[in-house]
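Read the figures in this text as sums done on the coordinates, not as results from a lab. For clarity, every value in this text was computed on a predicted model and none was experimentally measured. For neighbour counting, all protein chains shown are included, and Cβ atoms are generated from backbone atoms with ideal geometry for every residue, glycine included.
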Amino acid sequence: MTDATAVDMSTDTRKSGRILYVASVVFLCAWVIVPIYFLLINTLSSPETVNSFPKSFIPEFDFGSLQFFAGFAGMLTALKNSVIVALLTMVMSILIGAPAGYALSRFDFPGKGLFRLLILLTRAFPLPLLALPLAVMFIQTGLDDTAFGLALVHTTLAIPFAVLITFSLFSGIPIELEEAAWTLGCTRLTAFTKVVLPLILPGITASAIFAFVISWNEVFAAAVLTIENRTLTAFLLQNLDTSPLHLKFAGGFILVVPALIFIFAVRKYLFAMWGIANR
Amino acid sequence: MAEIQIKNVAKRFGAYQALNDINLTIADQEFMVLLGASGCGKSTLLRIIAGLETATSGEVWIGGKRIDHLSPKDRGIAMVFQNYAVFPHLTVFENIGFGLRMQKLPNDEVTRRVGRVAGLMHIEMLLKRYSGELSGGQRQRVAVARALAMEPDVILMDEPLSNLDALLRMEMRAELKGVLAESKTTAIYVTHDQVEAMSMADRISVMHEGNIVQAAAPIEVYRDPAAKFVASFIGNPPMNFLSATPEGNGKWQVAGQTFDGPNTAHANLQFAIRPEDMQPSEHGLAATARIVEPLGAHVLVTCQIDDAMFRVILDSDTVVKAGQTLTLAPQSDRVRWFDPDTTLAVA
């Protein structure tokens, strides 16, 4: 009897635990997915449907709003600017971040702990605080309103992540692999290119894509530092303010989708960065 | 010719002295084992020879050429690592041929050499596989083959068998010994496993706290330990020690019995004997058996003589019970003496 009750109780607790777990998962997923789903429905609906009530939960597949954007003056230029800035950010943050990650993982040097902290601290300064001095400096050096200038700011934002991701990637490669390469005729450089690089290339790609997304999503610096050569975010921010509702939805959709796709592609490495085991 | 000379090599990590003034000469084609407990500096010494670590002071010479300022690739060495370090992104063939490709050897030469060492290590059928598809023992074979393919003057091995299970380790031990003897390279082999050291080495260097305590042939290290550390580190169970007081004229009293010993002026000495060098007899040391462990081939008896623990290995037919008193006679030519102050052997 007592045995049976004990078993019942444990299955009971397990069951309620399971329900709680599933409920939390459903809630968190809904929290993220529902707004994106509404964005999708409204983007693919005609202006009349967007402004009407009650809402339909099934998209109409009306591409009017998206078509409007495709033909909107300056839209394609802004898209091009966004891509250029994001690519520059991607390249620069890897070129600067990966060596720093390698050094953190392989060498012991005085102030290593402080250095790691400082890397994170670069994220502690709010951009609005830096915007004015940056704008003045950029105007003085002629970097204002250029893709390169904006990419520099975005690189600063992306570097902490590039360093942390590559640090964890390099730490995952046993030093013996490099040492074996050295004894087999490699210099430090050729050991890196022939052994380490092929092994971390997928991770580096992920880190690069993450830098791309950071730049793609960034709006404040883009809005302050560019006028003619606006990136997509800054361009939409400027124009959507006064646009009708259905265009706002479409604009939001255009911004969200690429970022989502990219983050989904590199999710494994982002978990690795935060110390969660790869799944 | 690849004689290795290590001259006054010392290594300090911050305040920690890992190696004290090491001097060692390893003859051409000799199989030298560096044996010691973890933290004794044996791996550090090997890594200094390999060029993966820089000595704080001292010189390393290989084949009459000073090499301690050269990078690892220019030293004429090849190394086998404890965790194998087989490159995961390359096939077994490309792993073994990695060093040859770095030397820019022609394709057919690479194929020939890889084929030869793969045959030696019995891994011909694995050449197309990746490291992830190999067992630990197979990876070990790849790592050794990769080192042999370089046809180095000196092959350095850092605990290469310690990650294998016991049976495989025994098999690889014999195989490695044969392959290395045939390759005619000078070999330095680091291990903490005394059986490995005894069975493979031409010469063993026993290391302790950053010093080489004794460098000699295995049987000499076993029979004539230069210091008490060696006597208690080598042999399983280790040597037994009893304190001895002088009776004059080279006579020493040990547990109530008189033995012939060194004719010296020491105030006291330690009498030492290996467990297998004792026989039950009419006259000898009176020992009370405490624990009796029949091990098949023989019986291990842990006894008490005065206040000291004392282990003997007796024939498996011997009938002993715990609590029983044994009279044990040491084989006289196997008795050794140590100075309790310096811990060194006294002849």
Ascending count of other beta-carbon atoms within 10 Å, so fewest first, for B:232, A:215: B:232, A:215
Number of partner chain Cβ atoms within 10 Å, mean per residue of B:49-60: 1
Amide H partners (placed H, <5 Å) of residue B:157, local residues excluded: B:80, B:188, B:189, B:190
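Under a Cβ-only charge scheme (Lys and Arg +1, Asp and Glu -1), can you give me the dipole magnitude of the protein assembly as shown about the Cα centre, in debye to the nearest 20? Before the final figure, lay out each step's value.
On the way: 49 positive and 55 negative charges, 335 e Å.
Once rounded to the nearest 20, the dipole reads 1600 debye.
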Residues whose placed amide H lies under 5 Å from that of residue B:274, excluding near-sequence neighbours: B:240
Fraction of the pair-distance distribution of chain A above 30 Å, Cα-Cα pairs, percent: 49
Relative contact order, percent, segment A:168-238 [alpha-carbon distance under 8 Å, six or more residues apart]: 22
Mean Kyte hydropathy of 0.0 or more with a Cα span along the axis of at least 15 Å, helices from DSSP in chain A: A:2-43, A:75-106, A:127-141, A:147-171, A:197-217, A:245-265
Rounded, prolate or oblate (a/c below 1.5 giving rounded, otherwise prolate when a/b exceeds b/c) for segment B:73-159 by Cα gyration tensor: oblate
Exposure proxy ranking, count of Cβ atoms within 10 Å, fewest first, for A:20, B:269: A:20, B:269
Cα centre as origin, Lys/Arg/Asp/Glu Cβ charges: chain B dipole, Debye: 1120
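Are any of the pairs B:73/B:184; A:194/B:7; B:73/B:128; B:73/B:228; A:194/B:177; B:251/B:321 more than 29 Å apart by Cα-Cα distance, and if so, which?
On the way: B:73/B:184 20 Å; A:194/B:7 35 Å; B:73/B:128 26 Å; B:73/B:228 40 Å; A:194/B:177 32 Å; B:251/B:321 33 Å.
The answer is A:194/B:7; B:73/B:228; A:194/B:177; B:251/B:321.
What shape does segment A:127-224 have by the C-alpha gyration tensor, where a ≥ b ≥ c are the square roots of the eigenvalues, rounded means a/c under 1.5, and otherwise prolate means a/b greater than b/c and oblate the rest? List each step's numbers first, then the result.
On the way: a/c = 3.60, a/b = 2.65, b/c = 1.36.
Prolate, since a/c reaches 1.5 and a/b exceeds b/c.
With a 10 Å radius around each residue's Cβ, average the other Cβ atoms per peptide and rank A:111-123, A:32-44, highest first. Before the final figure, lay out each step's value.
Values: A:111-123: 12.1, A:32-44: 15.8.
Output ranking for A:111-123, A:32-44: A:32-44, A:111-123.
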Order of B:28, B:277 - criterion: other Cβ atoms within 10 Å of each residue's Cβ, fewest first: B:28, B:277
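R0 = 60 Å: FRET efficiency of residue A:56 with residue B:104, Cβ-based, nearest 0.05? List each step's numbers first, then the result.
Numbers: r = 69 Å, r/R0 = 1.14.
The pair residue A:56/residue B:104 has a calculated efficiency of 0.30.
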Averaged over B:143-153, number of beta-carbon atoms from partner chains that fall within 10 Å: 1
q = 0.05, 0.11 Å⁻¹, the protein assembly as shown: log10 I(q)/I(0) [Debye, one scatterer per Cα]: -0.43, -1.11
Loop sites in segment B:177-282: GluC sites (Glu not before Pro), DSSP, at most 15 other Cβ within 10 Å: B:209
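Rounded, prolate or oblate: which one fits chain B, using the alpha carbon gyration tensor with axes a ≥ b ≥ c (rounded when a/c is under 1.5, else prolate when a/b beats b/c, else oblate)? Intermediate values should be presented prior to the final figure.
Working: a/c = 3.09, a/b = 1.84, b/c = 1.68.
Cα axes put chain B in the prolate bin.
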Selection from A:99, A:170, A:256, by position along the positive dipole direction of segment A:70-277 (Cβ): A:170
